[in-house]
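Enquirer: What follows is a single structure, and I will ask about it in a moment.
The values are calculated or read from the model by the stated rules, or taken from the named source; none is laboratory data. Predicted model, so just to flag it, every value in this text is computed and none were measured. Don't worry about glycine lacking a Cβ; one is built from the backbone with ideal geometry, like all the others, and counts go over all protein chains shown.
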Amino acid sequence: MRTRDQIIDAIDSAFDFDMVFLLTTLMLLVLGTIMIFSSSYFISKEASGSSFAMTLKHIAHLGLGMVVMGVIIRMDYRRFNSPKFVMPLLAFGILCCALCFVPGIGIEGGHARRWVRLAVVTLQASEVAKIGLVFYLAYYLSKKNKKVEDLAYGVMPLLAIVCVTSGLVFLEPDFGTALIIGMWSVFILFVGGMRFKHLAVLFAAGVPLVVALMILEPYRRARLTAFVNPWNHMQGIGYQIVQSMVAFANGGFSGSGLGEGTQKLFFLPAPHTDFIFSVLAEELGFMGVAFVLVLFGIWIWRGITIALATNDTFGFHLAISAISLVAIQAIVNMSVSMSLFPTTGVTLPFFSYGGSSLMTVFIASGLVLSVSRGARV
């Protein structure tokens with residue numbers, strides 16, 4: 001039989017990762033599940049005849065995600081620091097984006113081709129590409145070291161991969177996700193040692209390009225116009241933003257009550273995906289919004305702390321890449337809901353309905369917790 005000390009050592013070994021980060025992750029997931037049930041109740045009834053269908057499917061994804069996260073936590077993240085793992089995963093992510101345009105494999109929905117059906121599995125291609133880029137960025141930066149200070153030999157080769165990936169996502173079309181991938185990649189390069197003057201060059205070249213892509217496409221130009229003054233377009237392109245602001249106004253300080261929101265009753269488009277934060281604001285009010293922001297703040301803070309605590313370059317870049325990917329997307333989604341950013345159509349991590357996006361959150365969280373095992377903080 002095991003002695004008392006052996007049992008204590010076994011327990012310590014089983015939970016030798018950052019518990020604050022894990023508990024925050026679980027709290028966000030639980031709150032997200034509650035909001036998916038509330039926001040999808042009527043839409044699920046309309047779509048499938050069952051008010052619980054979407055929630056049950058989400059719970060199934062949660063179960064799978066927990067298993068995946070648990071496996072990643074128990075693995076030594078250093079095993080991922082290999083071209084034999086990183087390059088095939090990156091190639092698979094880019095291939096999924098390309099397969100979106102192949103009839104019979106790519107799935108069209110909402111005038112976009114963002115999903116691929118592989119055997120019995122349906123994946124959102126951009127989410128697979130994001131995971132591939134997380135590992136590739138960490139691997140690339142851990143090998144390049146000082147070379148990332150060189151624009152031609154350190155920065156541009158990586159940006160070429162990023163441009164191919166974000167370009168395919170842009171063509172789906174998914175401008176919001178393509179923009180997030182671009183912003184996130186440049187941020188990771190800057191953290192990895194890219195010079196400030198090179199950042200300024202990329203900024204000077206990138207901003208006009210982004211603006212041009214927005215104004216040259218009629219529907220994106222209309223979204224930009226609606227962002228400037230949504231009330232002038234409240235029955236047209238500004239409808240989403242106006243309904244989102246109404247949800248925030250209805251919520252007030254303490255909210256209308258969980259499940260009591262009215263904007264999800266087919267007034268607010270995509271209340272269970274893109275605008276789930278607006279439903280949360282209406283039902284839980286300012287207090288609920290503040291609580292979610294605090295949870296995200298703790299999650300990001302602990303993730304950065306874990307990254308800084310490790311003396312392994314690959315582990316540092318892996319944790320920072322995973323944390324910042326989720327953080328940037330969350331900031332963009334919440335900014336859209338609060339009319340601080342033009343409508344982009346990206347989901348809110350931990351909260352929005354969707355198996356692929358939820359799996360990205362689980363993998364990102366699992367990677368950070370795996371890094372924390374080697375750097376107790």
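Enquirer: Can you confirm whether L89 is in contact with a strand residue (DSSP E or B) (Cβ under 8 Å, 6 or more places away or on another chain) and either closer than 24 Å to L358 by Cβ or in contact (Cβ under 8 Å) with a residue 60 or more places away in the chain (or both)?
Expert: no
Enquirer: If you don't mind, another one. Tell me, please, whether a residue that is farther than 30 Å from G315 by Cβ and touching a residue at least 12 places away in the same chain (Cβ under 8 Å) can be found in region 204-211.
Expert: Yes.
Enquirer: Looking only at region 349-377, count how many residues are assigned to a loop (DSSP other than H, G, I, E, B) and closer than 25 Å to R117 by Cβ. Show your work before the answer.
Expert: Here is the first cut: in region 349-377, the residues assigned to a loop (DSSP other than H, G, I, E, B) are 349-354, 374-377.
Applying the additional criterion that residues be closer than 25 Å to R117 by Cβ yields 349, 352-354.
Counting residues in region 349-377 that are assigned to a loop (DSSP other than H, G, I, E, B) and closer than 25 Å to R117 by Cβ gives 4.
Enquirer: With the condition kept exactly as written, say whether any residue in region 280-291 is over 16 Å from the mean Cα position of the chain (by Cα), assigned to a helix (DSSP H, G or I) and of a type in the set (D, E).
Expert: Going through region 280-291, the residues over 16 Å from the mean Cα position of the chain (by Cα) turn out to be 280-291.
Narrowing the set further to residues that are assigned to a helix (DSSP H, G or I) leaves 280-291.
From what is left, the residues that are of a type in the set (D, E) are 282-283.
Yes, region 280-291 contains a residue that is over 16 Å from the mean Cα position of the chain (by Cα), assigned to a helix (DSSP H, G or I) and of a type in the set (D, E).
Enquirer: Restricting attention to region 235-245, which residues are closer than 20 Å to N333 by Cα and either free of Cβ contacts under 8 Å to residues at least 24 places away in the same chain or assigned to a loop (DSSP other than H, G, I, E, B) (or both)?
Expert: Those that are closer than 20 Å to N333 by Cα and either free of Cβ contacts under 8 Å to residues at least 24 places away in the same chain or assigned to a loop (DSSP other than H, G, I, E, B) (or both): I237, G238, V242.
Enquirer: Between G345, G354, G315, which is in contact with a strand residue (DSSP E or B) (Cβ under 8 Å, 6 or more places away or on another chain) and either over 20 Å from L189 (Cα atoms) or crowded, with 24+ Cβ neighbours inside 10 Å (or both)?
Expert: Details: G345 fails: in contact with a strand residue (DSSP E or B) (Cβ under 8 Å, 6 or more places away or on another chain); G315 fails: in contact with a strand residue (DSSP E or B) (Cβ under 8 Å, 6 or more places away or on another chain).
Among G345, G354, G315, only G354 is in contact with a strand residue (DSSP E or B) (Cβ under 8 Å, 6 or more places away or on another chain) and either over 20 Å from L189 (Cα atoms) or crowded, with 24+ Cβ neighbours inside 10 Å (or both).
Enquirer: Can I ask one more? Of the residues G261, G236, only one is buried (at least 24 other Cβ atoms within 10 Å of the Cβ), of a type in the set (G, A, S) and either closer than 24 Å to S44 by Cα or out of contact with any Pro (no Cβ under 9 Å at 6 or more places or on another chain) (or both); which? Break it down stepwise before answering.
Expert: Working: G236 fails: buried (at least 24 other Cβ atoms within 10 Å of the Cβ).
Of G261, G236, the one residue that is buried (at least 24 other Cβ atoms within 10 Å of the Cβ), of a type in the set (G, A, S) and either closer than 24 Å to S44 by Cα or out of contact with any Pro (no Cβ under 9 Å at 6 or more places or on another chain) (or both) is G261.
Enquirer: Got a sec? Which of V191, V169, V186, V121 is modelled with pLDDT of 95 or more and not assigned by TED's automatic domain parsing to the domain that holds V371?
Expert: Going through V191, V169, V186, V121 in turn, the sole match is V169.
Enquirer: Another one. Step by step: first the residues of region 264-309, then only those that are surrounded by fewer than 19 Cβ atoms within 10 Å (Cβ to Cβ) and not aliphatic (A, V, I, L, M), then the one that is modelled with the lowest pLDDT. Which residue is that?
Expert: Looking at the filtered set, the residue picked out is F266.
Enquirer: Take region 177-208 and flag every residue that is in a loop (DSSP other than H, G, I, E, B) and either touching a strand residue (DSSP E or B) at 6+ places or on another chain (Cβ under 6 Å) or of a type in the set (K, R) (or both).
Expert: Selection gives R195 alone.
Enquirer: Consider only pairs whose beta carbons are under 9 Å apart and that are at least six residues apart or on different chains; among these, list those whose first residue lies in region 357-375 and is among the charged types (D, E, K, R) and whose second residue is surrounded by fewer than 24 Cβ atoms within 10 Å (Cβ to Cβ) and part of a helix (DSSP H, G or I).
Expert: These pairs meet every condition: R373/I73; R373/R74.
Enquirer: Still on this structure, please answer the following. Taking the condition of being hydroxyl-bearing (S, T, Y) and either touching a Lys or Arg at 6+ places or on another chain (Cβ under 7 Å) or more than 30 Å from L358 (Cα to Cα) (or both), how many residues in region 120-154 meet it?
Expert: Counting residues in region 120-154 that are hydroxyl-bearing (S, T, Y) and either touching a Lys or Arg at 6+ places or on another chain (Cβ under 7 Å) or more than 30 Å from L358 (Cα to Cα) (or both) gives 2.
Enquirer: Let me confirm something: among S356, S339, S352, S335, which residue is more than 30 Å from S254 (Cβ to Cβ) and out of contact with any His (no Cβ under 6 Å at 6 or more places or on another chain)? Full working, then the answer.
Expert: Details: S339 fails: more than 30 Å from S254 (Cβ to Cβ); S352 fails: more than 30 Å from S254 (Cβ to Cβ); S335 fails: more than 30 Å from S254 (Cβ to Cβ).
Going through S356, S339, S352, S335 in turn, the sole match is S356.
Enquirer: Right, something else. Does A290 meet the test of being in contact with a His (Cβ under 9 Å, 6 or more places away or on another chain) and outside the structural domain of M156 (by TED's automatic domain parsing)?
Expert: It is false that A290 is in contact with a His (Cβ under 9 Å, 6 or more places away or on another chain) and outside the structural domain of M156 (by TED's automatic domain parsing).
Enquirer: Filter region 182-207 down to the residues that are within 25 Å of the chain's Cα centre (by Cα) and loosely packed, with under 14 Cβ neighbours inside 10 Å and list them by number.
Expert: In the first step, residues of region 182-207 are kept if they are within 25 Å of the chain's Cα centre (by Cα); the result is 182-194, 199, 202-203, 206-207.
Those that are within 25 Å of the chain's Cα centre (by Cα) and loosely packed, with under 14 Cβ neighbours inside 10 Å: F203, V207.
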